[in-house]
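Dropping a structure here in structure tokens format, bear with me for questions.
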Amino acid sequence: MATSKLQALWNHPAGPKTNFQKPPENISYLQQIGIYTHCAVTCTGMIWCRCSTVITPKNWNLFSVNVAMAATGVYQLSRKIKYDYVTEGEAAAENE
């Protein structure tokens, strides 16, 4: 029963896997890095990872969630950079 509920959540159109299937051209550098936004995925994850280990008692649940958040931001940034620079470089080489 629990497995079917988790599978339904995973396969839902707005479920967690949709973040990883987003086309790279729709990923925002500003949202992922946080130069101008307050909800920056990568920086927020890294900052809260640090904060969760400085407080007493250490909050390892908060730490683990924010490690995942920072990792997601880094993954999305790598997809965006690869799309913008590697794909464009290959296209330019083919046109020459």
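The values are calculated or read from the model by the stated rules, or taken from the named source; none is laboratory data. Since the model is a prediction, treat every value here as computed from it, not as a measurement. Cβ atoms come from the backbone with ideal geometry, glycine included; neighbour counts cover every protein chain shown. To get the accessible areas, we keep the full protein, side chains included, count just its heavy atoms, and leave off ligands, DNA and RNA. Shrake-Rupley method; radii C 1.70, N 1.55, O 1.52, S 1.80 Å.
Where the second residue is of a type in the set (Asp, Glu) and the first is part of a helix (DSSP H, G or I) and lies in the range 74-86, which pairs have Cβ atoms under 8 Å and are six or more apart or on separate chains?
Tyr83/Glu25
Please go through the range 39-58 and give me each residue that is open to solvent by 100 Å² or more (accessible area, probe 1.4 Å) and not in a helix (DSSP H, G or I), ordered by number.
Cys39, Thr56, Pro57, Lys58 - these are the residues of the range 39-58 that are open to solvent by 100 Å² or more (accessible area, probe 1.4 Å) and not in a helix (DSSP H, G or I).
Return the residues of the range 1-23 that are in a helix (DSSP H, G or I) and either out of contact with any Lys or Arg (no Cβ under 9 Å at 6 or more places or on another chain) or modelled with pLDDT under 75 (or both); say none if nothing qualifies. Write out each step before concluding.
In the first step, residues of the range 1-23 are kept if they are in a helix (DSSP H, G or I); the result is 2-11, 18-21.
Across the range 1-23, the qualifying residues are Ala2, Thr3, Ser4, Lys5, Leu6, Gln7, Ala8, Leu9, Thr18, Asn19, Phe20, Gln21.
Shifting gears a bit: Assuming Ile35 fulfils every condition listed in (1) surrounded by 10 or more Cβ atoms within 10 Å (Cβ to Cβ); (2) at pLDDT 75 or above; (3) not acidic (Asp, Glu) apart from one, which condition is it?
(2)
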